[in-house]
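Structure record follows, encoded as structure tokens.
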Amino acid sequence: MFLAAASLAAAACGGGPAAQSAPSASGPTSSPPLSTPFASDLQFLNAHTHIVLLKDADGAQVAVAPVYQGRVMTSTTGGSDAPSFGWIGRAAVESGRHQSHMNVFGGEDRFWLGPEGGQFALYFRPGEPFDLDHWQVPPAFDWDAWDVATQSETEVRFHKHVSLVNYARTPLDIDVERTVRMVSAEQAAASLGPLGPGVRMVAFESENVVLNGGKATWEQASGLVSVWILGQFNPAPTTTIVIPYEAGEVASLGPVVNDAYFGKVPRNRLSVGNRAIFFRGDGQYRSKIGLSPARALGIAGSYDSAAHVLTIVQFTRPDPVRPYVNSMWEIQKQPFKGDAINSYNDGPPAPGKPPLGPFYELETSSPGLALAAGERYSHIHRTFHLVGPEAELDRIARSVLTVGLADIAKAFGR
């Protein structure tokens, strides 16, 4: 799987092996495509699958695909030429064929479960090696269609029963209720503060409820699962990812950032400031970072300084006392010392090899869920896209991400 499939692992996996070789980090290898208009993406999606289109009173729209596990494929602030914010895997959508390892449909908010690798892995069969040839996303959240339970103009709810066996041979019966809904302007103001004049917004959230549908309690000794929500977005040379973090001594809180997923990230692509981490979202260099629950604040974002697009992701605040699953592809010494938030930047897996997208990702995870039979847990993942005057976006960035647009721009000398 280390041609097309290596890209799959790089793009979507929490803990694949380190990169074999990589392109130079000094500059782009090619120019990533510009974002297409939402109308064009919607026309394409409607030609190949059923789309539930959510709308709000201000014209914002969100495209949700029941056949693709209820994922949010893309969204827009509204208007005839308004941009489309989600990255779409057009080749996979257009083919209609089941692909090995993972179906790369794309989407701004998709549902997975963790852990990926390790002694309690969900993406490897018991006893098989942790390598690219044996990695497989379970069909329930890769290929299977999900049932629509209810639907309105601003909300759609899905249900799926998932039966899995983890690497430790523990059977897991899981009922999932997933609701995708528009976030109103009033709710957005409560989270972000006043949007200000001239700012256009599309905002939505997924509420992901996992219920232990079996008879046995889920325990650390036999393996826990976590809710894992991943969003893929269109990259640009002028996009920088921003993740605020909990300040404090390494001795008490651990390292600020984990950049060991695919080899250490070069300094001109990852910068740790006093209050936030900056990471390139240009789709030109394969790399991934993560923050532990002790460092993560339940917030992340990105800013494209050329398009004046501020993206913010909020999620259920991490609990540093609870275990977080570890997705590294190995038998682990600490299987419950995983990250609560991750960001991935796509790029060529090796010199001369094409990237999967390109795209960048913002990912959030729940704690490992030690649920008794019939007990449930809800993980909320909320996405905002804001377009408008820099002065207004700067005020929101300072309030929510702890840094201003000038700080984001100068992180990598732009």
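The values are calculated or read from the model by the stated rules, or taken from the named source; none is laboratory data. For clarity, every value in this text was computed on a predicted model and none was experimentally measured. Neighbour counts are summed over all protein chains in view; Cβ atoms, including those assigned to glycine, are modelled from backbone coordinates with ideal geometry. Just the protein is used for accessible areas: all its heavy atoms, side chains included, with ligands, DNA and RNA removed. Shrake-Rupley method; radii C 1.70, N 1.55, O 1.52, S 1.80 Å.
Structure values in brief
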{"quantity": "Cα gyration tensor shape for the stretch 195-275, rounded if a/c is under 1.5, else prolate or oblate", "calculated": "oblate"}
{"quantity": "Shape category assigned to the stretch 362-414 from the gyration tensor of Cα positions, a/c cut at 1.5", "calculated": "prolate"}
{"quantity": "Accessible carbon and sulfur surface of the chain relative to its total accessible area, %, 1.4 Å", "calculated": "52"}
{"quantity": "Top of 200, 398, 269 by mean-square fluctuation, Gaussian network on the chain, Cα under 10 Å", "calculated": "398"}
{"quantity": "Under 5 Å, built H, 5+ apart or other chain: amide partners of residue 286", "calculated": "347"}
{"quantity": "Residue-wise HN-Hα coupling along the stretch 286-300, computed from phi with Karplus coefficients 6.51, -1.76, 1.60 (Hz; x: Gly, Pro)", "calculated": "5, 6, 8, 10, x, 10, 6, x, 6, 9, 6, 10, x, 8, 7"}
{"quantity": "Protection proxy ranking, peptides 85-98, 326-339, average beta carbon neighbours within 10 Å, highest first", "calculated": "326-339, 85-98"}
{"quantity": "Cα-based Rg of the stretch 69-189 normalised by 2.2 N^0.38 Å, two decimals", "calculated": "1.25"}
{"quantity": "Shape call, the stretch 317-414: gyration tensor on alpha carbons, a/c limit 1.5", "calculated": "oblate"}
{"quantity": "Relative contact order of the chain, pairs being alpha-carbon contacts under 8 Å that are 6 or more residues apart, as %", "calculated": "20"}
{"quantity": "HN-Hα J in Hz across the stretch 199-214 - Karplus 6.51, -1.76, 1.60, θ = phi - 60°, x for Gly and Pro", "calculated": "8, 9, 9, 10, 9, 8, 9, 10, 9, 10, 9, 10, 10, 6, x, x"}
{"quantity": "Entries in 160/337; 55/215; 264/410; 160/353 that, when Cα-Cα distance is taken, lie over 30 Å", "calculated": "55/215; 160/353"}
{"quantity": "Share of pairwise Cα separations in the chain, more than 33 Å, in percent", "calculated": "26"}
{"quantity": "Sequence ranges 253-261, 378-386, ranked by mean other-Cβ count within 10 angstrom, highest first", "calculated": "378-386, 253-261"}
{"quantity": "Karplus-derived 3J(HN,Hα), 6.51/-1.76/1.60, for each residue of the stretch 55-68, Hz, glycine and proline x", "calculated": "9, 10, 5, 8, x, 5, 9, 9, 9, 10, 10, x, 5, 9"}
{"quantity": "Dipole magnitude of the chain, debye to nearest 20 (Cβ charges: Lys/Arg +1, Asp/Glu -1, about Cα centre)", "calculated": "740"}
{"quantity": "Surface per residue (accessible, 1.4 Å probe) for the stretch 129-202, Å²", "calculated": "47"}
{"quantity": "Most fluctuating residue given options 192, 362, 270, as computed from a GNM of the chain linking Cα atoms under 10 Å", "calculated": "192"}
{"quantity": "Selected from 121, 236, 350 as most flexible by GNM, with the chain as the system and alpha-carbon contacts under 10 Å", "calculated": "350"}
{"quantity": "For the stretch 61-124 and the stretch 366-383, distance of Cα centres in Å", "calculated": "21"}
